[in-house]
Amino acid sequence: MSRVSEKRRLEDIEKEVVQLLSERGRLVEEGNSGPGLSLQKLENLNHGPYSSKAIQNMLKGLEQQRVKEAKQEAPSFHSRDYQRDDTIIQVNGTKIGGGQSSLMMGPCSVESEEQMNQVAASLAKRGVKILRGGAFKPRTSPYDFQGLGMEGLKMLAKVARTYDMAVVTEIMSAEALEEALPYVDIIQIGSRNMQNFDLLKAVGRVQKPVLLKRGLAATIKEFKLAAEYILAEGNTNVILCERGIRTYETATRNTLDISAVPILKQETHLPVIVDITHSTGRKDILAPTAKAALAIGADGLMAEVHPNPAEALSDSAQQMDLSEWEGFMDEVERYTNLLTQQPVLS
């Protein structure tokens, strides 16, 4: 056989293989696939230079590739291809998402009922409907204050109910979730747990909103895929929180990736809020940071407020006292009014 004839014969065989694989794929999609050829059956076939094991591995590889491609064809649950309209989450009469501006504020850690009452009373007067506070504290050092645990969470929930506020707090493990659920309105997944996949799956199986914080050095893609773990389990109430990422810069605690807000708003339908306290670690720039977040499209802000930051058991330097918080709110409200009144340029 000439080289030209051999080449044509090879092309014919490859076309036939493609047709057979296509037919096999169709049968599999229709649910007609069986267990496949066993090694013993393959031994009885003429498979030329290929071993039976090699043939079996080829077939397995083709099946795995087909499954992978089928998954890639389906849009991710977080994507705009899956859902065009913004997801709007309602918590305690407050809408999160869709251009609404929601506030989640409170101390870094729950320290006492008196402390929480002082903060909640001030927040409630200014219309804040979501109270934050850490009962379980993931700390870099094992010797730092780790939170009051369930006792602190019950304290937080009691105070929140008194002032008609919702509770957002971090839950650190799937094991603690069931006990904590009655006291929590929004489950926070902290940055250190963004890729705790067991925990993500666990909160995905409950029907309470989840506030997912971006990891310390996570890419936007990794952040979106972490949200996908929750959404894939059936919980559609996911809020994304940009809280700064670790860079070489030391002027702030983290570097606020402000560009992540419009990217996430464009590529997902989920609400996006900005934690201005953890992203900066500096009280002196909280107001301009909040303005930037709102101007670029964030659906809300998270910040830390404490009645006496100098005596706080955690993150004392970055928490606003009640007077500073009032000034912050005045400035942000003036800016928000300017944004809503500003005429559209032609």
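The values are calculated or read from the model by the stated rules, or taken from the named source; none is laboratory data. Computed from a predicted structure; not experimentally measured. As a convention, Cβ positions derive from the backbone with ideal geometry for all residues, glycine included, and neighbour counts pool all protein chains shown. Note: accessible area is taken over every heavy atom of the protein model, side chains too, but ligands, DNA and RNA are not part of it. Shrake-Rupley method; radii C 1.70, N 1.55, O 1.52, S 1.80 Å.
Miscellaneous remarks
- Some residue of the stretch 94-101 being at pLDDT below 95, of a type in the set (Gly, Ala, Ser), under 30 Å from Pro309 (Cβ atoms) and under 21 Å from the mean Cα position of the chain (by Cα): yes
- Considering residues of the stretch 14-37 that are part of a helix (DSSP H, G or I) and of a type in the set (Asp, Glu) only, the residue modelled with the lowest pLDDT: Glu29
- Taken together, Leu345, Leu338 contain a single residue that is over 25 Å from the mean Cα position of the chain (by Cα), modelled with pLDDT under 95 and not in a helix (DSSP H, G or I), which is Leu345.
- The one condition in (1) open to solvent by less than 40 Å² (accessible area, probe 1.4 Å); (2) more than 14 Å from the chain's Cα centre (by Cα); (3) within 23 Å of His306 (Cβ to Cβ) that Arg282 fails to fulfil: (1)
- Taken across the stretch 322-335, residues that are part of a loop (DSSP other than H, G, I, E, B) and either open to solvent by 60 Å² or more (accessible area, probe 1.4 Å) or touching a Pro at 6+ places or on another chain (Cβ under 6 Å) (or both) do not occur at all.
- Scanning the stretch 179-224 for residues that are open to solvent by 70 Å² or more (accessible area, probe 1.4 Å) and under 16 Å from Thr87 (Cβ atoms) gives a single hit, Gln207.
- If you filter the stretch 153-201 down to residues that are within 24 Å of Ile245 (Cα to Cα), in a loop (DSSP other than H, G, I, E, B) and of a type in the set (A, V, I, L, M), you find that the one that is modelled with the lowest pLDDT is Met172.
- In the stretch 245-313, counting only helices (runs of 4 or more DSSP H) that sit wholly within it, the ones holding 3 or more residues that are closer than 20 Å to Arg126 by Cα span 286-295.
- Options Lys208, Lys265: the member that is at pLDDT 95 or above, within 13 Å of Ile189 (Cβ to Cβ) and among the basic types (Lys, Arg): Lys208
- Test: residue in the stretch 225-248 that is touching a Gly at 6+ places or on another chain (Cβ under 7 Å), closer than 19 Å to Met172 by Cβ, modelled with pLDDT of 95 or more and open to solvent by less than 50 Å² (accessible area, probe 1.4 Å): yes
- Residue selected from the stretch 153-170 under the condition open to solvent by 50 Å² or more (accessible area, probe 1.4 Å) and out of contact with any Asp or Glu (no Cβ under 8 Å at 6 or more places or on another chain), by the criterion farthest from Asp330 (Cα to Cα): Lys154
- Matching strands (runs of 3 or more DSSP E) fully within the stretch 59-152 where at least 1 residues are surrounded by fewer than 14 Cβ atoms within 10 Å (Cβ to Cβ): 89-91
- Ala176 being open to solvent by less than 30 Å² (accessible area, probe 1.4 Å) and either touching a helix residue (DSSP H, G or I) at 6+ places or on another chain (Cβ under 6 Å) or in contact (Cβ under 8 Å) with a residue 24 or more places away in the chain (or both): yes
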